[in-house]
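The values are calculated or read from the model by the stated rules, or taken from the named source; none is laboratory data. Keep in mind that this is a model prediction, so the values were computed, not measured. Neighbour counts run over all protein chains shown; Cβ positions are idealised from the backbone, glycine included.
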Amino acid sequence: TILDVGTGTGRWAVDMARRYPHARVYGIDLRQVDIDPATAAQGCLPLPSNVVFETVNVMEGFPFNTGTFDFVHSRLLVGGITNWETYLANLFRITRRAGKVECIEVELLPISRNGKHPRAIEAWTALSSTLLRKRQLDPQCATALKDRMMQAGFESVAEEILEVPV
């Protein structure tokens, strides 16, 4: 059983359902999942019978039993998760003991190798950080993700950091 948290267009969930036809794939998102014309044109329709989409606010909890999922995919939720510790504890709860969880997040504030930024970047960073924190969002969630996952109970947490030149 596979879960795609923050499924968006549903494309990833549909791809997994096609790749693993014997698995049940759930795609959940805060908004109702509507397969848009561009996604449909890429071969998403008709939907495989083993994929289900549900509207779920993960900050209010997950409607799944403990140990339901073999694989959980969570990507680009930095703009919606207000409590990462609770969110990750819930992911841990719904993942079966030998299951896998993949979290992919971006750092919203630029990081410089030498610690120096042009003035405009510093101003943008300060403003962005203030605005995000007012919405109870963590602009640096990616930096803390590995430690938070381990605190939630995950074991063998691997981290891969990719640099994006700006």
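Listed values, structure above:
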read-out	value
Segment 14-34: number of residues that are touching a strand residue (DSSP E or B) at 6+ places or on another chain (Cβ under 6 Å), under 20 Å from ASN65 (Cα atoms) and not in a loop (DSSP other than H, G, I, E, B)	4
Residue within segment 103-120 that is modelled with pLDDT of 85 or more, surrounded by 16 or more Cβ atoms within 10 Å (Cβ to Cβ), closer than 21 Å to GLU60 by Cβ and not aliphatic (A, V, I, L, M) present	yes
Residue within segment 139-151 that is part of a loop (DSSP other than H, G, I, E, B), at pLDDT below 95 and either exposed (fewer than 14 other Cβ atoms within 10 Å of the Cβ) or not hydroxyl-bearing (Ser, Thr, Tyr) (or both) present	yes
Test: residue in segment 86-96 that is among the aliphatic types (A, V, I, L, M), within 28 Å of GLN151 (Cβ to Cβ) and at pLDDT below 95	no
Test: HIS22 is crowded, with 19+ Cβ neighbours inside 10 Å and at pLDDT 95 or above	no
